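Undergrad: Here it is, the structure, as structure tokens.
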Protein chains: 2
Amino acid sequence: MTAALPTEFARIAQYFRPLAGPGALALSDDAAVFTPPPGRELVIAADAMVAGVHFLPDDPPDLVARKLLRTNLSDLAAMGAAPLGYLLTVSVPRGTDEAWFAGFSAGLAADQAEFGLHLLGGDTTSTQGPVSLSLTILGTVAPGTALRRNGAQAGDDIWVSGTIGDGALGLLAAKGALPDPDGFLSDRYHLPQPRLPLGLALIGIAHAAMDVSDGLVQDLSHICRASGLSAEIQAAEVPLSPAARVANRLELCLTGGDDYELLFAAPDSAAAAIRAASRATCIAVTRIGTFRHGPPHVRTIGLDGNELSLGAGGWSHL
Amino acid sequence: MTAALPTEFARIAQYFRPLAGPGALALSDDAAVFTPPPGRELVIAADAMVAGVHFLPDDPPDLVARKLLRTNLSDLAAMGAAPLGYLLTVSVPRGTDEAWFAGFSAGLAADQAEFGLHLLGGDTTSTQGPVSLSLTILGTVAPGTALRRNGAQAGDDIWVSGTIGDGALGLLAAKGALPDPDGFLSDRYHLPQPRLPLGLALIGIAHAAMDVSDGLVQDLSHICRASGLSAEIQAAEVPLSPAARVANRLELCLTGGDDYELLFAAPDSAAAAIRAASRATCIAVTRIGTFRHGPPHVRTIGLDGNELSLGAGGWSHL
């Protein structure tokens, strides 16, 4: 057999090999080999994204790639970890054209440069269904410093970064179901901002942290469950973007997915350090409530002082 | 919001949390955190499997899970690495029943016990298409010892483990297109045997190695390309199982996928050590040809002494 190789290998060579970093062995071996940075713990997470579930089938492929990478980077941010590299599997319908691969890999290249990491390995294959993507991300932390969900304490303040609800509103906007004159909301849906510098800065300050991916209230309930606490948040304190204020969909903002902001717990005594971390990283933070002793339950207090009833309370991709 | 959580979280708790190992943080955080074994390099690979492409839609879910894990373990075997853990993303159609998850996780549990590794993290989500799976595997090697594809030298013997072609014949058998009275071929298709002990034993002995996943001839061409050599194999020497001999489909055996045997290069002086490694691991090995100076090309010599023409020469999942 002479050197003509199937499409799979030609595509890996053309689109993915240029993204490969040290240890990836030019994507030419069965696996990547690398030496973990000495004296660091490894942090590793995997997320899948499926067309029609996590992104719209006609979303530009560069934005799909960047969202895939950024949602995983957001998991690292939530742990206070620094990015190291990633592996990627891509399943696409037969006949997916070169332009899709060119756009997809260009999006990865852009975010590799922005966030300082490289492709370590992966797989491409066909599917008779929608585009189906999976990404495994690796990062590092100093030993014992990773931010967990189980460290919140009664009396801790509840903080969030950025603004909440833009992701869910942005999905509506991207579908044409909500006005979005300047494209702000749609951009927030397509291109999350992983809060890596803030996560790093919160090490040793925050008692617990996670990223808001399935909706603020549901995700807060995860910290409650892991830490054995109840939580009370003030809806009036939850930071909304100007576009979200115009949209006036408070319940959706509190329960919708795809924000990728950090949600964290810290004692009152840490407030000054948190505000300093916010200034140093240029990432806004807002105190929205308090953890209390009690069964895992999130009370959301509305503008009238009464608890809001939020239905299912969160977002599921399953 | 009170503690009722969406199906996604209930399924993770019921089926995947029992599989979680140290570092997985009970699958309750945004990522796993673990300390890499000191003095070892990490080896990491990712493979996707899609229903209708890599397995049959009605294949039993425990066998699908085990094949997914084993094809990734085979990548570690090819590098001479020892397993450490894995991450998994699972995309299934809405309405996939509990029995599927129960079977799938039981298959993982069985192979975790057999191969000594644990789940580190992952994601479950829905899809409007076929079941779509992705697995990232981690292993370790002593620094600088990983078996690569680029180390073969002119004059090296070409070796394979086990028997070749059963995977492709097994797919035909599983589809009912080939007699398989005792189920041997179908079993070889459903349940590959990752050659981990042999890979470990070949460190310091083999010059190059990979696993045969896309067909013997095509995969051998990858070593040729990586090492800058040509290769000649004798079809009569390629080890066939008794069932494959009965099937009498030599070309399919030489070019079909899904064998997950090891293909490796070693100098003639290593033959005794290779046979000793074979005995120690109870994994058969067979010498099938020779690497030579020359352009990357695989010559397959047929039973009549002439070069076989093997068409496309290999298998692509794209």
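Undergrad: Kindly establish whether B:ILE158 is assigned to a loop (DSSP other than H, G, I, E, B), in contact (Cβ under 8 Å) with a residue 12 or more places away in the chain and in contact with a strand residue (DSSP E or B) (Cβ under 7 Å, 6 or more places away or on another chain).
TA: So B:ILE158 fails the test.
Undergrad: In region A:171-253, which helices (runs of 4 or more DSSP H) lie fully inside it and hold 2 or more residues that are away from chain B (no Cβ under 13 Å) and either out of contact with any strand residue (DSSP E or B) (no Cβ under 7 Å at 6 or more places or on another chain) or surrounded by fewer than 18 Cβ atoms within 10 Å (Cβ to Cβ) (or both)?
TA: Fully inside region A:171-253 and qualifying: A:184-190, A:196-201, A:242-247.
Undergrad: Sticking with this structure for a sec: Here is a check on your reading of the model: is B:TYR15 at pLDDT below 95 and either touching a Cys at 6+ places or on another chain (Cβ under 8 Å) or aromatic (Phe, Trp, Tyr) (or both)?
TA: Here the answer is yes, as B:TYR15 does meet what is asked.
Undergrad: Considering only residues of region A:69-91 that are in a helix (DSSP H, G or I) and of a type in the set (S, T, N, Q), which is surrounded by the fewest Cβ atoms within 10 Å (Cβ to Cβ)?
TA: A:THR71
Undergrad: Just for region A:49-62: of the residues that are more than 8 Å from chain B (Cβ to nearest Cβ) and in a loop (DSSP other than H, G, I, E, B), which one is nearest to A:LEU172 (Cα to Cα)?
TA: Only one residue fits best here, namely A:LEU56.
Undergrad: A further question on this structure: Assuming B:LEU119 fulfils every condition listed in (1) facing chain A (nearest Cβ under 9 Å); (2) at negative phi; (3) in a strand (DSSP E or B); (4) of a type outside the set (S, T, N, Q) apart from one, which condition is it?
TA: Single failed check for B:LEU119: (1).
Undergrad: Any idea how many residues of region B:285-318 are modelled with pLDDT under 90, polar (S, T, N, Q) and more than 27 Å from the chain's Cα centre (by Cα)?
TA: 0
Undergrad: Answer yes or no as to whether A:LEU303 is within 24 Å of A:LEU169 (Cα to Cα) and either touching a strand residue (DSSP E or B) at 6+ places or on another chain (Cβ under 6 Å) or part of a loop (DSSP other than H, G, I, E, B) (or both).
TA: In short, yes.
Undergrad: Just need a number here: residues in region A:68-91 that are farther than 30 Å from A:LEU263 by Cβ and more than 11 Å from chain B (Cβ to nearest Cβ).
TA: 0
Undergrad: Kindly list, by first and then second residue, each pair from a residue in region B:288-315 that is more than 14 Å from chain A (Cβ to nearest Cβ) and under 15 Å from B:GLU237 (Cβ atoms) to a residue that is assigned to a loop (DSSP other than H, G, I, E, B) and modelled with pLDDT of 90 or more, limited to pairs with Cβ atoms under 6 Å and residues at least 6 apart or on different chains.
TA: Once the first residue is more than 14 Å from chain A (Cβ to nearest Cβ) and under 15 Å from B:GLU237 (Cβ atoms) and sits in region B:288-315, its partners that are assigned to a loop (DSSP other than H, G, I, E, B) and modelled with pLDDT of 90 or more give B:ILE288/B:VAL238; B:PHE291/B:ALA152; B:PHE291/B:ALA154; B:PHE291/B:ASP156; B:PHE291/B:LEU229.
Undergrad: With the structure loaded, tell me whether B:ALA102 is part of a helix (DSSP H, G or I), in contact (Cβ under 8 Å) with a residue 60 or more places away in the chain and closer than 19 Å to B:SER126 by Cβ or whether it fails that test.
TA: Yes, satisfied.
Undergrad: Can I ask one more? Quick check on B:LEU263: is it part of a helix (DSSP H, G or I) and either aliphatic (A, V, I, L, M) or not assigned by TED's automatic domain parsing to the domain that holds B:GLN218 (or both)?
TA: For B:LEU263, the condition - part of a helix (DSSP H, G or I) and either aliphatic (A, V, I, L, M) or not assigned by TED's automatic domain parsing to the domain that holds B:GLN218 (or both) - is not met.
Undergrad: Here is a further query. Checking B:ALA226 against (1) among the hydrophobic types (A, V, I, L, M, F, W, C); (2) within 18 Å of the chain's Cα centre (by Cα); (3) more than 15 Å from B:GLY170 (Cα to Cα): exactly one of these is not met. Which one?
TA: It fails just one condition, (2).
Undergrad: Here's a follow-up. Name the single residue, out of those in region B:138-170 being of a type in the set (S, T, N, Q) and farther than 30 Å from B:GLY23 by Cβ, that is nearest to the other protein chains (Cβ to nearest Cβ).
TA: Filtering first and then ranking leaves B:ASN150.
Undergrad: From the list B:VAL64, B:VAL53, which one is over 28 Å from A:ARG148 (Cβ atoms), in contact with a helix residue (DSSP H, G or I) (Cβ under 8 Å, 6 or more places away or on another chain), touching a residue at least 40 places away in the same chain (Cβ under 8 Å) and among the β-branched types (Val, Ile, Thr)?
TA: Answer to the selection: B:VAL64.
Undergrad: Taking A:VAL33, is it within 7 Å of chain B (Cβ to nearest Cβ) and either within 24 Å of the chain's Cα centre (by Cα) or under 16 Å from A:LEU191 (Cα atoms) (or both)?
TA: no
Undergrad: Within region A:243-258, can you find the residues that are farther than 21 Å from A:SER309 by Cβ and within 22 Å of the chain's Cα centre (by Cα)?
TA: Residues satisfying the conditions are A:ALA243, A:ASP258.
Undergrad: Between B:ALA46, B:ALA65, B:ALA26, which is within 8 Å of another protein chain (Cβ to nearest Cβ) and either assigned to a helix (DSSP H, G or I) or at pLDDT 95 or above (or both)?
TA: None of the other options fit; the residue is B:ALA46.
Undergrad: Return yes or no: is B:ARG94 more than 9 Å from chain A (Cβ to nearest Cβ), basic (Lys, Arg) and surrounded by fewer than 22 Cβ atoms within 10 Å (Cβ to Cβ)?
TA: no
The values are calculated or read from the model by the stated rules, or taken from the named source; none is laboratory data. Source: prediction; values computed, not measured. Counting neighbours? That spans all protein chains shown, and the Cβs are built from the backbone with ideal geometry, glycine included.
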